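The values are calculated or read from the model by the stated rules, or taken from the named source; none is laboratory data. On a predicted model such as this, the values are computed, not experimentally measured, just so you know. FYI the Cβ positions are ideal-geometry reconstructions off the backbone, even for glycines, and counts take in every protein chain you see.
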């Protein structure tokens, strides 16, 4: 191999640096020439003819992200290049934009503090210089200072205020706990390797699904255990692998048993059909299951432990029954779950976490029902940065919702990803082989990173106060007006909109069933009013008006 050797020191604050090729020691066919015009300095390097001809730079650098520019000249329409920075290799092409030398980007590289080597070959080209331009990624924009549930408990508001405050400055360490273990094996393993505990632990309500309990499932862990772990400072996330309410497939030949009842392949339960008929037995079973989970969730509210509540995850993948029939039934189920838990059961300690799958924009339940957006990532590369996952979520939800890495089979290096502007609110590593498959040194570095918070480093987050509203946010609609109230077969709904917004009116009975929905489309700011013809049974109903991200609700009495 033929080398061009340059020593450069760029310690301290990252700054732009330029490697002049002609100032280096030259070997072999690589040589300095000055026949072409327009070069920098007193020459350029050419002679990239044989396989292995290359230039190599050795230098010291400050930690950070750099964009690599190569100033080259070549005759054909494009030329291929190869690049190796330390042990990382990449290839690509430079395309001709005109005559003479031109700067072409070879992408971005991340450099740690210390010494590095950079080797480059450009087939049949002349290399003038290489320039490293520091790239400073801004932190993510904080979301509005409010929760979807306007009656959220003080501790839920405090937790969200804390998460919002540290967003873009720290990433919370998190760990999924195996529900089939009677001990906290994952938490214990993390502490054994790192000397610290995760700030957040995710538990699973899977075995509280009624269709599992009817088979006599053994509860290896209980909410009381999780509440005890939380104490006053630990942060709890709950998920729910919801076993289908009924219609489970028991077929060993298909590897289907009752305990796999949350998988689409192991149930014939049709969520779309159940939701379409609110008088059906299967709809009643949906409510039965939600009510059963409400019993467990209430234990956390009574203990004043707020919950990052992440139900119905990975719906767009289709492998779970709640996503098997497409986005519309899923969104209807999410809203039913929300209204049943929040309005029927009065559970106001929940921070609602939605798991967004790639390219699944049609599945989002709406800002009025979501507080945090997460992504579950299982990368093949143990060093994957997950930049595309972050970029998609940031483009869709940046400035609207917190963004979290709600499940991961690998651990992205927090020092690297945050330099790229990737600031997950928290990460949560999946349990068992995924956790133990992470290089212990990598796990140790992450838990000792200055950009990661562990349980030992959590402040007294219960003292945080959720600001009423940021000055730049649109004002909430004025109080919802319903008249006549009580009424009979017609209901007039009115509100004053602070900004133009799409308006939706939904009516729910006290069993949590949606009985009416009206989409008014985009409405201008100002007074908005409509009269709805209704054919409802006598009773008390919850009427909700949503205007964009804002919402208001009120009870309405329907008389015979």
Checklist entry - Residues of the stretch 117-141 being more than 21 Å from residue 387 (Cβ to Cβ), modelled with pLDDT of 90 or more and either under 33 Å from the mean Cα position of the chain (by Cα) or in a loop (DSSP other than H, G, I, E, B) (or both), which ones? => result 125
Checklist outcome for this item: The correct count of residues that are surrounded by fewer than 20 Cβ atoms within 10 Å (Cβ to Cβ), in contact with a strand residue (DSSP E or B) (Cβ under 7 Å, 6 or more places away or on another chain) and at pLDDT 95 or above in the stretch 333-362 is 0
Item to check | Residue identified as surrounded by fewer than 22 Cβ atoms within 10 Å (Cβ to Cβ) and within 30 Å of residue 54 (Cα to Cα) among 141, 153, 117 | outcome: 117
Checklist entry - Scanning the stretch 507-544 for residues that are touching a helix residue (DSSP H, G or I) at 6+ places or on another chain (Cβ under 8 Å) and not in a strand (DSSP E or B), which turns out modelled with the highest pLDDT? => result 513
Item to check | Filtered residues of the stretch 463-480 (kept if crowded, with 16+ Cβ neighbours inside 10 Å and modelled with pLDDT of 90 or more) | outcome: 464
Checklist outcome for this item: Per the filter on the stretch 331-354, residues more than 25 Å from residue 501 (Cα to Cα) and not in a helix (DSSP H, G or I) are 345, 346, 347, 348, 349, 350
Checklist outcome for this item: With the first residue restricted to the stretch 62-74 and required to be not assigned by TED's automatic domain parsing to the domain that holds residue 89, and the second required to be buried (at least 17 other Cβ atoms within 10 Å of the Cβ) and assigned to a strand (DSSP E or B), Cβ contacts under 7 Å at 6 or more apart or on different chains are none
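For (1) in a strand (DSSP E or B); (2) within 18 Å of residue 374 (Cβ to Cβ); (3) within 18 Å of the chain's Cα centre (by Cα); (4) at pLDDT below 95, each residue gets a yes or a no:
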residue	(1), (2), (3), (4)
416	no, no, yes, no
422	no, yes, yes, no
431	no, yes, no, yes
438	no, no, no, no
442	no, no, no, no
445	no, no, no, no
449	no, no, no, no
453	yes, yes, yes, no
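When the stretch 377-404 is examined, which residues are found to be touching a residue at least 40 places away in the same chain (Cβ under 8 Å) and either crowded, with 20+ Cβ neighbours inside 10 Å or part of a helix (DSSP H, G or I) (or both)?
Once the filter is applied, which keeps residues that are touching a residue at least 40 places away in the same chain (Cβ under 8 Å) and either crowded, with 20+ Cβ neighbours inside 10 Å or part of a helix (DSSP H, G or I) (or both), the stretch 377-404 yields 394, 396, 397, 401, 402, 403, 404.
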Checklist entry - Taking the stretch 263-273 as the search range and keeping residues that are free of Cβ contacts under 8 Å to residues at least 24 places away in the same chain and closer than 17 Å to residue 209 by Cβ, which one is surrounded by the fewest Cβ atoms within 10 Å (Cβ to Cβ)? => result 268
Next on the checklist: Being farther than 12 Å from residue 125 by Cβ, in contact with a helix residue (DSSP H, G or I) (Cβ under 8 Å, 6 or more places away or on another chain) and surrounded by fewer than 18 Cβ atoms within 10 Å (Cβ to Cβ): is that true of residue 67 here?
Outcome noted: no
Checklist entry - Of these, 341, 402, 396, which one is assigned by TED's automatic domain parsing to the domain that holds residue 171 and within 22 Å of residue 447 (Cβ to Cβ)? => result 402
Checklist entry - Name the residues in the stretch 481-507 that are more than 30 Å from the chain's Cα centre (by Cα) and surrounded by 18 or more Cβ atoms within 10 Å (Cβ to Cβ), would you? => result 482, 491, 493, 495, 497, 507
Checklist entry - Looking at the stretch 198-218, which of its residues are surrounded by fewer than 21 Cβ atoms within 10 Å (Cβ to Cβ), closer than 15 Å to residue 177 by Cβ and in contact (Cβ under 8 Å) with a residue 60 or more places away in the chain? => result 205
Checklist entry - Is it the case that some residue within the stretch 101-115 is closer than 22 Å to residue 66 by Cα, part of a loop (DSSP other than H, G, I, E, B) and in the same structural domain as residue 393 (by TED's automatic domain parsing)? => result no
Checklist entry - Is it true that some residue in the stretch 171-180 is crowded, with 19+ Cβ neighbours inside 10 Å, more than 23 Å from the chain's Cα centre (by Cα) and either closer than 21 Å to residue 414 by Cα or in the same structural domain as residue 206 (by TED's automatic domain parsing) (or both)? => result no
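Based on what the data block shows, is residue 370 surrounded by 18 or more Cβ atoms within 10 Å (Cβ to Cβ), more than 18 Å from residue 176 (Cβ to Cβ) and in contact (Cβ under 8 Å) with a residue 40 or more places away in the chain?
yes
To keep it simple, each residue is scored yes or no on (1) within 13 Å of residue 431 (Cα to Cα); (2) assigned to a helix (DSSP H, G or I); (3) in contact (Cβ under 8 Å) with a residue 40 or more places away in the chain.
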{"residue": "152", "(1), (2), (3)": "no, no, yes"}
{"residue": "155", "(1), (2), (3)": "no, yes, yes"}
{"residue": "161", "(1), (2), (3)": "no, yes, yes"}
{"residue": "164", "(1), (2), (3)": "no, yes, yes"}
{"residue": "168", "(1), (2), (3)": "no, no, yes"}
{"residue": "180", "(1), (2), (3)": "yes, no, yes"}
{"residue": "187", "(1), (2), (3)": "yes, yes, yes"}
{"residue": "190", "(1), (2), (3)": "yes, yes, yes"}
{"residue": "196", "(1), (2), (3)": "no, no, yes"}
